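Q: Quick one: this structure, given as C-alpha cells, is what I'll be asking you about.
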Amino acid sequence: MYDLTNFKQISRQKWQGLGHLSTPPLSQDELDSIKSLNDKISIQDVTDIYLPLINLIDIYKHSSDHLDFSKSLFLQNKPEKRPFIIGVSGSVAVGKSTTSRLLQLLLTRTYKNSKVELMTTDGFLFPNKKLKKEQLLQKKGFPESYDMPALVKMIEAIKDGKDYDIPIYSHEIYDIIPNQLQHIASPDFLIIEGINVFQNPQNDHLYINGYFDFSIYIDADEKHIEKWYLERFESLLSLAKQNPNNYYNRFNNLPRSESLAIAKSTWKNINLINLRDYIKPTRNRADLILHKDPHHKIDKIYLKK
C-alpha cells in the first residue's frame with residue numbers, strides 16, 4: 001500500500017559516516033531542552049543521524065540556489081531572495097517537533113549568518129468554535145479541520161519573500177490562542193512541521209510539499225506510535241494537575257483507568273484512522289524517511305532516488 005520502490009534504503013552505519021563533523025554543536029542539556037515529552041534522543045543520535053542530514057540539506061540548498069540563479073538568467077530577471085523551505089511530517093506523537101527544533105538549532109549554528117524560522121501547521125486548524133459548529137471537533141487533525149487555503153496563501157507569500165503573521169495553536173488550551181500571532185519575516189530557512197504538510201485534499205491539483213525544497217517524513221510502526229501517544233497523554237495529565245485552565249486538567253478528575261480508556265479510544269477512532277487514511281499515504285512524497293525503532297532510535301533511513 002505504501003510503496004517505497006522509489007527510495008534507496010541506507011543503513012544507520014553507512015549514514016553516520018556521511019557527516020563532516022564528529023562533535024555536535026550543542027550540549028546534552030540543550031538537546032534535552034528542545035525534545036518533546038517522552039521523546040528520546042541522544043547526542044549520539046545527533047552525531048549519527050542529524051549531522052549527515054545537515055550535510056544533505058546543504059547539498060539540496062546549493063542545488064536550489066543554483067537553479068534559482070540559472071532561472072533568473074534564463075528569464076533575464078534580477079535574482080530574488082527566497083527561503084529554503086523544509087517540510088517535516090509524520091503521525092502525532094512520532095517526534096516531529098523534536099526533529100524540527102533540532103534542525104532549527106543545527107541549521108542556525110551551521111549557517112551562522114542565516115535566519116532559521118520554525119512554524120507548525122497547527123496554527124491553521126480551525127478554532128474549536130468553528131469545529132463544533134461544523135461538527136468536526138471529533139475529526140480534529142483530519143484534512144477538513146484545517147484552513148488549507150489560508151496555509152497555502154501563507155506559504156506562497158513567504159516563498160515570494162513577504163512577511164506574514166500566522167495564528168498560534170496551544171496544546172494547553174487545545175485551541176487557537178486568541179489575539180496572538182507568530183511573525184515570519186524574511187527567513188533564509190523555514191521549517192514547516194505538521195501532520196498535513198504533504199496534503200491538500202481540498203485541491204487535488206496542489207500539494208503543500210510542492211512548495212518545499214526538502215521534505216522529511218518521521219516513520220514508525222503503528223503499535224509503537226500508539227504506545228508513545230499514551231505515554232505522552234499521561235505526561236500531559238501530570239503537567240496539567242496544577243493548572244485548572246489546562247485542557248488536560250479535566251481528565252485528572254476521572255479515575256486513571258477511565259482517562260486512559262478515553263486516550264485509547266481517541267487513538268483508535270481518530271489518530272489511527274487519520275494516520276492510515278491521510279498521513280501515511282503521503283509518506284512517499286518525502287525526500288527522506290527516518291524510521292524509528294521501539295525506543296525512538298532511528299534504525300532505517302530511506303532517501304528518494
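Q: Dividing the convex hull volume of the alpha carbon atoms of the chain by its residue count, what do you get in Å³ per residue?
A: For the chain, the hull spanned by Cα atoms encloses 150 Å³ per residue.
Q: In the chain, which whole DSSP H runs stretch at least 18 Å along their own axis (Cα) and average -0.5 or higher on the Kyte-Doolittle scale?
A: Answer set is 51-75, 96-110, 222-240.
Q: Which of Lys14/Lys297; Lys223/Lys292; Lys40/Lys292; Lys71/Lys112; Lys40/Lys268 have a Cα-Cα distance over 18 Å?
A: Table pairs above 18 Å Cα-Cα are Lys71/Lys112; Lys40/Lys268.
Q: Which residues' amide hydrogens lie under 5 Å from the amide hydrogen of Asp175, considering only partners 5 or more residues apart or on another chain, with H built in the peptide plane?
A: Ser170
Q: Extension gain Ile177-Leu137, at 0.36 nm per residue separation less the Cα-Cα distance, in nm?
A: 12.7 nm
Q: Per residue, what accessible area does the chain have, given a 1.4 Å probe and all protein chains present, in Å²?
A: Each residue of the chain exposes 51 Å² on average to a 1.4 Å probe.
Q: Only loop residues by DSSP count here, and only those with at most 14 other Cβ atoms within 10 Å; note down the chymotrypsin sites (Phe, Trp or Tyr not before Pro) in region 159-203 that meet that.
A: Hits after loop and neighbour filter: Tyr174.
Q: Post the alpha-carbon centroid distance, region 45-92 to region 246-269, in whole angstrom.
A: If you average the Cα positions of each part, the centres end up 42 Å apart.
Q: Obtain the radius of gyration and the Kirkwood radius of region 1-67 from its C-alpha atoms and give Rg over Rh.
A: Expressed as Rg/Rh, it is 1.05.
Q: State the percentage of accessible surface on the chain attributable to carbon and sulfur atoms; use a 1.4 Å probe and exclude ligands, DNA and RNA.
A: 51
Q: Which peptide among 124-135, 147-158 comes first, and what is the full order, when sorted by highest mean count of other Cβ atoms within 10 Å?
A: Output ranking for 124-135, 147-158: 147-158, 124-135.
Q: Continuing with the same structure: Using the 2.2 N^0.38 Å rule of thumb for compact globular proteins, work out how region 225-305 stacks up: its C-alpha Rg over that value, please.
A: So region 225-305 has a normalised radius of gyration of 1.40.
Q: At R0 = 22 Å, how high is the FRET efficiency between Lys8 and His224 if r is their beta carbon distance? Nearest 0.05 is fine.
A: 0.40
Q: For region 17-126, take the alpha-carbon Rg, divide it by the Kirkwood Rh, and send me Rg/Rh.
A: Rounded to two decimals, Rg/Rh equals 1.03.
Q: Express in Å², to the nearest 10, the accessible area of Arg250 obtained by rolling a 1.4 Å probe over the protein heavy atoms while all chains stay in place.
A: Here the accessible area works out near 130 Å².
Q: Moving on. At 0.36 nm per residue, minus the direct Cα-Cα distance, what do Ile43 and Asn243 gain on full extension? Give it in nm, one decimal, please.
A: The Ile43-Asn243 span can extend by a further 68.7 nm.
Q: Further question on the same structure: At 0.36 nm per residue, minus the direct Cα-Cα distance, what do Asn203 and Lys304 gain on full extension? Give it in nm, one decimal, please.
A: Between Asn203 and Lys304, full extension yields 33.9 nm more.
Q: OK, next. Each label point is 7 Å from the Cα along the Cα-to-Cβ direction; what then is the distance between the points at Lys112 and Ser72, in nm?
A: Modelled inter-label distance: 2.5 nm.
Q: For region 1-152, calculate the relative contact order in percent as a whole number, restricting contacts to Cα pairs under 8 Å that are 6 or more residues apart.
A: With pairs under 8 Å counted, the relative contact order is 19 percent.
Q: Further question on the same structure: How do His295, His224, His20, His171 stack up against each other in accessible area, from largest to smallest, with a 1.4 angstrom probe?
A: His20, His295, His171, His224
Q: On to the next question. For region 70-193, what are the per-bin percents of Cα-Cα distances with bins 10 Å wide, up to the bin holding the maximum?
A: All Cα pairs, binned at 10 Å, distribute as 12, 37, 34, 13, 5, 0 percent.
The values are calculated or read from the model by the stated rules, or taken from the named source; none is laboratory data. Values in this document were obtained by computation on a predicted structure and should not be read as measured data. So basically every Cβ, Gly included, is an ideal-geometry build from the backbone, and we count neighbours across all protein chains shown. Surface accessibility is based on the protein's heavy atoms, side chains included, excluding ligands, DNA and RNA. Shrake-Rupley method; radii C 1.70, N 1.55, O 1.52, S 1.80 Å.
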